[in-house]
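Worksheet: the structure to be examined is printed underneath.
The values are calculated or read from the model by the stated rules, or taken from the named source; none is laboratory data. The structure presented is a predicted model; accordingly, all values stated were derived computationally and were not measured. Note that each Cβ is placed from the backbone with ideal geometry, even for glycine, and that neighbours are counted across all protein chains shown.
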Ligand code: NI
């Protein structure tokens with residue numbers, strides 16, 4: 001009890017402390033919708049992991065969790081930099097922030113049923129590598145390298161595609177892509 005009282009005193013008397021401010025500054029970012037041309041741009045490499053990049057990643061994570069989604073690329077929130085956030089855990093507590101992610105090895109093939117926060121309500125079968133090896137920077141700017149399979153592997157491949165300006169529907173047949181464009185255009189007109 002005393003601990004909580006002290007904590008609240010601390011929060012009250014430190015309303016402008018950096019920690020509290022950072023939390024209140026976090027923001028939900030608007031997500032671009034296919035076929036917005038900004039989704040087809042290739043994102044630039046991050047040259048240094050600054051506080052601005054960390055804030056972007058924190059806002060992206062908040063946006064992903066709120067959507068809710070299992071991954072989000074900076075491209076989707078109209079920031080053309082190579083940053084992705086991913087969390088494929090059931091409990092939503094295994095956030096992975098990857099800066100300048102590269103897929104350095106691919107093994108096997110799977111078909112994955114995918115959706116995307118930029119293409120709401122649309123799902124399709126996409127060919128992906130079954131296993132990948134990923135190299136990236138973490139939020140401290142350190143190089144991390146790891147192997148991924150299953151949903152994590154598919155999700156990272158999907159998000160890295162966004163950084164290349166690729167949306168999953170581009171793997172589908174031209175006819176299907178045309179139908180998706182028509183459906184989303186109609187929906188946009190109805191909600192306008
Ligand atoms: Ni997506």
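Structure above, values below:
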| read-out | value |
| --- | --- |
| One residue from 159, 114, 147 being without any contact (Cβ under 8 Å) to a residue 60 or more places away in the chain and either surrounded by 14 or more Cβ atoms within 10 Å (Cβ to Cβ) or within 15 Å of the ligand (Cβ to nearest atom) (or both) | 114 |
| Qualifying residue in segment 31-54 (condition: within 13 Å of the ligand (Cβ to nearest atom), free of Cβ contacts under 8 Å to residues at least 60 places away in the same chain, within 24 Å of residue 187 (Cα to Cα) and surrounded by fewer than 16 Cβ atoms within 10 Å (Cβ to Cβ)) | no |
| Subset of segment 119-163 [farther than 27 Å from residue 50 by Cα, assigned to a loop (DSSP other than H, G, I, E, B) and in contact with a strand residue (DSSP E or B) (Cβ under 7 Å, 6 or more places away or on another chain)] | 123, 129, 130 |
| Every residue from segment 174-186 that is closer than 29 Å to residue 87 by Cα and without any contact (Cβ under 8 Å) to a residue 60 or more places away in the chain | 176, 177 |
| Helices (runs of 4 or more DSSP H) lying entirely in segment 1-69 (those with 1 or more residues that are modelled with pLDDT of 95 or more and over 15 Å from the mean Cα position of the chain (by Cα)) | 51-66 |
| Complete set of residues in segment 126-144 that are more than 21 Å from residue 60 (Cα to Cα) and loosely packed, with under 14 Cβ neighbours inside 10 Å | 127 |
| Within segment 63-82, considering residues that are touching a residue at least 60 places away in the same chain (Cβ under 8 Å) and either over 11 Å from residue 162 (Cβ atoms) or within 14 Å of the ligand (Cβ to nearest atom) (or both), the one surrounded by the fewest Cβ atoms within 10 Å (Cβ to Cβ) | 70 |
| Filter result for the condition that a residue is over 23 Å from residue 38 (Cβ atoms), within 14 Å of the ligand (Cβ to nearest atom) and surrounded by fewer than 20 Cβ atoms within 10 Å (Cβ to Cβ), over 104, 88 | 88 |
